[in-house]
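Please read the structure below before turning to the comments.
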Amino acid sequence: MFTGLIEELGTIRGVKQRDESMAVTIGCRTVLEGLRCGDSVAVNGICLTATAIGSSEFVADVMPETFRRTTLRLLHRGETVNLERAMRADGRFGGHVVSGHIDGTGVIQHVAEYGNAFLYRVRVGLDILAGIVPKGSVAVDGISLTVVSVEAADHADGCFTVSVIPHTRRQTILAEKRRGSPVNIECDVIGKYVRKYTAAFAAAGGRVESAAVPHAVHYG
């Protein structure tokens, strides 16, 4: 589990791609502290397993499902990435519950200054938009953010906006994002479970005993 509070910006030192899988080598310092092979690190919000650790870098494998569903397939040598180690049980919980399991990707539509903050407008598919609510939490490239507004544009997709303070923008790769930039999106995990249960409850005709058997319900 992660919190969506970025600990460090890492640098891609190497990418070895084979078909729809890859291994990435990431240069960093902070997240190496106490890191062991087999530990989880969120890279741009994606939970990856450290398979090799050096004095100034670690290596992680990217499997086909992750390759297809996230922006990791677009990484190249020299690119900057957000990094966060898995949350310690005795640590301070400052963001929100982030699993590191990406729901899909979105595209930055607009970036504008708004008072002492920056507003980012992100276009996503309706399947993702259904899991995003105003004033709720969303992880964008692994960054815990609060949703400002949600807008369904048409039958295929829609947009949501998030407000980002200058500190968060400077300490993450959001500072590099422009119109057209792809981003990884993870909806609030608690909301996803509630949504699935209520869909099962409705499909079961409001019968709790039927809704409690998820394999009996087909989801779109």
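The values are calculated or read from the model by the stated rules, or taken from the named source; none is laboratory data. Values in this document were obtained by computation on a predicted structure and should not be read as measured data. All Cβ positions, even for glycine, are placed from backbone atoms using ideal geometry, and neighbour counts span all protein chains on display. All accessible areas refer to the heavy atoms of the entire protein, side chains included, with ligands and DNA or RNA removed. Shrake-Rupley method; radii C 1.70, N 1.55, O 1.52, S 1.80 Å.
Give the distance, in whole Å, between the Cα centre of the stretch 1-30 and the Cα centre of the stretch 110-137.
25 Å
Can you tell me the length gained on complete extension of the stretch V194 to V148, counting 0.36 nm per residue apart and subtracting the Cα distance?
Numbers: separation 46, 0.36 × 46 = 16.56 nm, distance 2.09 nm.
Computed gain between V194 and V148 is 14.5 nm.
What accessible area per residue comes out for the stretch 33-142, rounded to a whole number of Å², with a 1.4 Å probe?
Details: 5490 Å² over 110 residues.
Accessible area per residue: 50 Å².
Between D127 and E176, what is the FRET efficiency for a Förster distance of 22 Å, r being their Cβ-Cβ separation, to the nearest 0.05?
Efficiency at R0 = 22 Å is approximately 0.25.
For the chain, state the average projected area of the convex hull of the C-alpha atoms over all orientations, rounded to one decimal in nm².
Averaged projected area of the chain's Cα convex hull equals 13.8 nm².
Pairs K135/K196; K16/K196; K16/K177: which are spaced more than 31 Å apart, C-alpha to C-alpha? Could you put the intermediate results ahead of the total?
Values: K135/K196 20 Å; K16/K196 37 Å; K16/K177 25 Å.
K16/K196, as the Cα separations exceed 31 Å there.
Give the residue list of trypsin sites (Lys or Arg not before Pro) in the stretch 1-103 that are DSSP loop and have at most 15 other beta-carbon atoms within 10 angstrom.
Details: sites: R13, K16, R18, R29, R36, R68, R69, R73, R77, R85, R88, R92; in loops: R29, R36, R77, R88, R92.
Qualifying residues, ordered by number: R29, R36, R77, R88, R92.
Along Cα→Cβ, 7 Å out, is where each label goes; now give me the distance between the ones at C37 and H76 in nm to one decimal.
Here the modelled spin labels are 3.2 nm apart.
With every atom except the alpha carbons ignored, what do you get for Rg and Dmax of the stretch 1-63, in angstroms?
Taking only Cα atoms of the stretch 1-63, I get Rg and Dmax of 11.1, 33 Å.
For L119 and T51 in one chain, what is 0.36 nm times their gap in residues minus the Cα-Cα distance, to one decimal in nm? Walk me through the numbers on the way to the answer.
Numbers: separation 68, 0.36 × 68 = 24.48 nm, distance 3.68 nm.
Extending this stretch completely gives an extra 20.8 nm.
Give me the extension gain from R18 to R88: residue separation times 0.36 nm, minus the current Cα-Cα distance, reported in nm with one decimal.
Contour length minus Cα-Cα distance gives 21.8 nm.
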